[in-house]
Amino acid sequence: MIDLSDLKAVKEALRAQRIETPSWAFGNSGTRFKVFAQRGVPRSPEEKIADAATVHRFTGIAPSVALHIPWDRVDDYGALTRYAKDLGVEIGAINTNVFQDDDYKLGSVTNPDPGIRRKATDHLLEAISIMDATGSRDLKLWFSDGLNYPGQDDLRDRQDRLAEALREAYDRLGDHQRILLEYKLFEPAFYATDVPDWGTSYAHCVELGPKATVCIDTGHHAPGTNIEFIVAFLLRQGKLGAFDFNSRFYADDDLMAGAADPFQLFRIMYEIVRADALDPSHGINFMLDQCHNIEAKIPAVIRSVLNVQEATAKALLVDRDALRAAQRAGDVLGANAVLMDAFNTDVRPLLAELRTEDGLDPDPVAAYHRSGYQQRIEAERADGQQAGWGA
Ligand code: LRH
Ligand code: MN
Ligand code: MN
C-alpha cells in the first residue's frame, strides 16, 4: 500500500498540471446518423470560451481552450483573446480544418489538383495569422487526406505534396510558434491515409525541423496499439508535442478521456512522469479532443479533465526507485506489482484535499451542478445551437 501522508511533491506536480479543452466539445455534435441537439449550447465562439472558462473555474487546471477554424472564425481575434483573458482563460492551439469543403473530396494538401492544394495551404497560413493575433503557440494539423481504393492516386507523390505544404507552413511560423502534426490510421479514407501513424508524422517533423512535433490523439490507433511505447519513444527523441485525449472503444469515438481504458491513460501518464515532462515548461500540450453526443457537455468536459488528473496522480505515486530496483534485479512480478500498486491506489481523497487547499470545491462536477450555470445558459441561449463537430 502506498503511504499517502506526505505527498508535498506530488501535490506540487498536480498543481502545475495544465489540460487544454477544445471549443468544439461544448457545441452540438453527433454521429453521421444523428445530432441530438442540447439546450444551452453555445451560439458563438465567445460562448464556447465562456463554457471552457467555467470548466477551468471548477477544476483549476484547464486554463486554455483550443479553437477550430472555421468553426470558431471571428472578425477580430485580438478582441476574442481579450475576451478569453477577462474570463480567466487563454486561447490555445489553433486547429485547421481542411476536411469540410467539397473541394477536398480527393484530398487537401495532397490533392492531385495544384489549385486545391494552394487553397488548403493558404488555410494553414491563415491559421498562423490567427495565431499571431491570439498569441497561440500551437498550430495543430490533421489531414483527412487519403484514398479509398488502391491505384486511386500515387501514394508517394502524395507524400511529396504533403511535405511541400508542411514546409510552406513551417517556414511561415514565428519564433515562438510550432506545428503539431496529428496522425490517424483511417477515416474518412479507408484504404490509405496520408498521415496514418506516428512514424509518418515523426518523419515529416524531423524533416521540417525543431518547431515541428507529433500530436498523439489517443483514439487514432489500431486496436491493441501500445500507446505508451509511442509516448516513451517520442519523448526520447524530443518530438512529442501534444496529446488529443479521448477514449476509444472500437475506433475514434471522441468520448471522455479515461472512459474506455483508465489503465492505458495511467500508463501514458507514467511515461510522461518518468520523463519529467508533466510541467508546462517541458512544452507538451495536454489537450482533450472530444465531443459529447448524448451526455451534458460541460460536466463531461469537467469529468474528462478529472480523469486525466486522476491518472496523473496515480502515475506520480509510482515508487520509481523501487520500480528501477526491481527492473534491474530482473524481478518481473515485483516490478509489475510496483506499477499496479500505484494504479490501484484511490487518489480521489488526495485530489479532494488538494482542491480544498486551493480554494476549489472538492467535487467539481457536483459544484458545477449546484452553481446554476447550466440553468442560466439554458435560459439565455434558448435559440442556440452553434454547430461544431458532426453538426
Ligand atoms: C480528427 C480529429 C482532429 C480534428 C478533430 C475534430 O479525427 O481528431 O484532431 O481536428 O478530430
Ligand atoms: Mn484529434
Ligand atoms: Mn479524432
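Please treat every number below as a calculation from the coordinates, not as lab data. What you see is a predicted model; the values in this text were computed from it and never measured. Neighbour counts run over all protein chains shown; Cβ positions are idealised from the backbone, glycine included.
Odds and ends about this structure:
- Calculated FRET efficiency, Ala37 to Gln375, Cβ-Cβ distance, R0 = 30 Å: about 0.95 to the nearest 0.05.
- Treating r as the C-beta distance of Val206 and Leu155 and R0 as 22 Å, the FRET efficiency rounds to 0.65.
- Cβ-Cβ FRET estimate between Ser44 and Ala366, R0 fixed at 30 Å, reported to 0.05: 0.60
- Note on the chain: GNM, Cα springs under 10 Å; of Gly283, Gly135, Gly107, the largest mean-square fluctuation is that of Gly283.
- Value of relative contact order over the range 83-179, rounded to a whole percent, pairs C-alpha under 8 Å and six or more apart: 35
- Mean sequence separation of contacting Cα pairs (under 8 Å, at least six apart), scaled by the length of the chain, corresponds to a relative contact order of 23 percent.
- Separation of the Ala296 and Asp319 label points, Cα + 7 Å toward Cβ, nm: 4.2
- Hydrodynamic analysis of the chain uses the Kirkwood radius over alpha carbon pairs. Inserted into Stokes-Einstein at 25 °C and 0.890 mPa s, it gives a translational diffusion coefficient of 113 µm²/s.
- Out-of-range pairs (alpha-carbon distance over 22 Å; input Lys48/Lys140; Lys48/Lys297; Lys48/Lys184): Lys48/Lys184
- Using C-alpha pairs under 8 Å with a sequence gap of at least 6, the mean separation divided by the residue count of the range 40-141 gives a relative contact order of 27 percent.
- A simple spin-label model places pseudo-atoms 7 Å from Cα toward Cβ; at Phe186 and Arg167 they are separated by 3.3 nm.
- Extending 7 Å from Cα along the Cβ direction at Lys105 and again at Asp132 yields two label points whose distance is 3.5 nm.
- Under a Gaussian network description of the chain, with springs only between Cα atoms under 10 Å, the residue in Tyr183, Tyr83, Tyr250 that fluctuates furthest is Tyr250.
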